[in-house]
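Engineer: One structure follows; several queries about it will come next.
The values are calculated or read from the model by the stated rules, or taken from the named source; none is laboratory data. The shown structure was predicted, so the numbers you read here are calculated from the model rather than taken from an experiment. Positions of Cβ are backbone-derived with ideal geometry, glycine not excepted, and every protein chain shown enters the neighbour counts. Only protein heavy atoms, including side chains, enter the accessible area calculation; ligands, DNA and RNA are left aside. Shrake-Rupley method; radii C 1.70, N 1.55, O 1.52, S 1.80 Å.
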Amino acid sequence: MGGEFRHTPSGAHNILVDHEPIGIAVLITPWNFPAAMATRKIGPALAAGCTVILKPASETPLTAYAMARLGAEAGVPPGVVNVLTTTNPGPVTAAMLADPRVRKLSFTGSTGVGRILLAEAAKSVVNCSMELGGNAPFVVFDDADLDAALDGAMVAKMRNGGEACTAANRFFVQAGIHDAFVEGLTQRMAALKLGAGYDPETQCGPMITTKAVDKIDRLVSEAKERGARATTGGAPLDGSGYYYPPTVLENVPTDAALAHEEIFGPVAAIYRFGTEEEAIRLANDTEYGLAAYVYSRDIMRAMRVGRGIETGMVGINRGLMSDPAAPFGGAKQSGLGREGGVTGILEFMEPKYFAVEF
């Protein structure tokens, strides 16, 4: 990217700030949005002038190969976009990060794996962008449009069957609208048709693996043992396939594991709150800080609460916030850096400052 001269007020010298490609970038993507995650990393890296090595999740490697082939057909030169698949990612990733030619790591995945990669990258001081886990609060005030809040809840919770880092996990509903919200969400979740992804009538497909179903079942079972009540769903289904039914839980204790671990499945845990201050406190009671949702007809209050919640992104009266032109990323242990827009391109560039005397 071209630089820009700026003259200092003192007149001592002129300033030029240039931006150069950071270098070879290792891109590690998850299985839940295999095409979108890859394009969100490859696009800005190429725009910045970097070559890339894409390591997709072992569960979804074929999408990455297909995208690399399409890139080659579109004219991407050989060696610019490289795909490396493995079922043993630890040693492979460590070897790449130890290579002095690699200067960038962009990772989307769990916070636990992100911590491991940050430690590995630190050995060679590799620049890191981390889009990690989430535990999104969905806050509904008494004055919210109930139908709009329910519509938004279904999008924020059930997009990709709940297997999304921005998925609403914890629904904090003010006391005056709580019962109506529970009833409405229960009806909508119970009406979803569960089935195979190739069935055009399916509205909720299977989870990614048996391990994923077991985790959801563990979290729901523990919450029920601690007093939560399932108004629909709440137990794994008999038969083959990695299915877990759309589930609504009310009276969930705030110290249940479900309140603090990323669910990554079709489970909505509902909590009752009284005051605005309590909603903010409950929303922030997590190590994660990726996304949040706030519903209220009072936009000033919604914005105030959104600013009080420690996240990188907030949806106000909408259940979908992703936009390729906006900076996507989180705070706290939900990550470092941003994807999307100009901010995302700058993640793959090094600023270089010139002090120039003519």
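Engineer: So, in the stretch 155-182, how many residues would count as being assigned to a helix (DSSP H, G or I), more than 15 Å from residue 321 (Cβ to Cβ), touching a residue at least 40 places away in the same chain (Cβ under 8 Å) and over 13 Å from the mean Cα position of the chain (by Cα)?
Structural biologist: 6
Engineer: Would you pick out the residues in the stretch 250-264 that are at positive phi and crowded, with 21+ Cβ neighbours inside 10 Å?
Structural biologist: Correct list: 264 only.
Engineer: If I go through the stretch 59-109 residue by residue, how many of them are in a loop (DSSP other than H, G, I, E, B) and either at pLDDT below 95 or not small (Gly, Ala, Ser) (or both)?
Structural biologist: So the answer is 14.
Engineer: Next question, about the same structure. Is there any pair linking a residue in the stretch 8-29 that is within 17 Å of residue 43 (Cβ to Cβ) and of a type outside the set (Phe, Trp, Tyr) to one that is at pLDDT below 70 and loosely packed, with under 14 Cβ neighbours inside 10 Å, with Cβ under 7 Å and at least six apart or on different chains, and which?
Structural biologist: none
Engineer: Within the stretch 309-358, take every residue that is touching a strand residue (DSSP E or B) at 6+ places or on another chain (Cβ under 7 Å), modelled with pLDDT under 95 and hydroxyl-bearing (Ser, Thr, Tyr) and give me the one that is nearest to residue 276 (Cα to Cα).
Structural biologist: The qualifying residue nearest to residue 276 (Cα to Cα) is 322.
Engineer: Can you confirm whether residue 192 is open to solvent by less than 50 Å² (accessible area, probe 1.4 Å), within 19 Å of residue 151 (Cβ to Cβ), touching a residue at least 40 places away in the same chain (Cβ under 8 Å) and assigned to a loop (DSSP other than H, G, I, E, B)?
Structural biologist: Judged against the criteria, residue 192 is a match.
Engineer: For the stretch 275-309, which residues satisfy the criterion of being open to solvent by 50 Å² or more (accessible area, probe 1.4 Å) and over 18 Å from residue 254 (Cα atoms)?
Structural biologist: Scanning the stretch 275-309 gives 297, 298, 299, 300, 303, 304, 307.
Engineer: I'm told residue 145 meets every condition in (1) within 30 Å of residue 277 (Cα to Cα); (2) open to solvent by less than 10 Å² (accessible area, probe 1.4 Å) except one. Can you identify the failing condition by its number?
Structural biologist: (2)
Engineer: Confirm whether residue 173 is open to solvent by less than 50 Å² (accessible area, probe 1.4 Å), at pLDDT 95 or above and within 21 Å of residue 316 (Cα to Cα).
Structural biologist: When the stated conditions are applied, residue 173 passes them.
Engineer: Where in the stretch 237-349 are there strands (runs of 3 or more DSSP E), lying wholly inside it, with at least 1 residues that are without any contact (Cβ under 8 Å) to a residue 60 or more places away in the chain?
Structural biologist: Qualifying strands (runs of 3 or more DSSP E): 247-250, 313-316.
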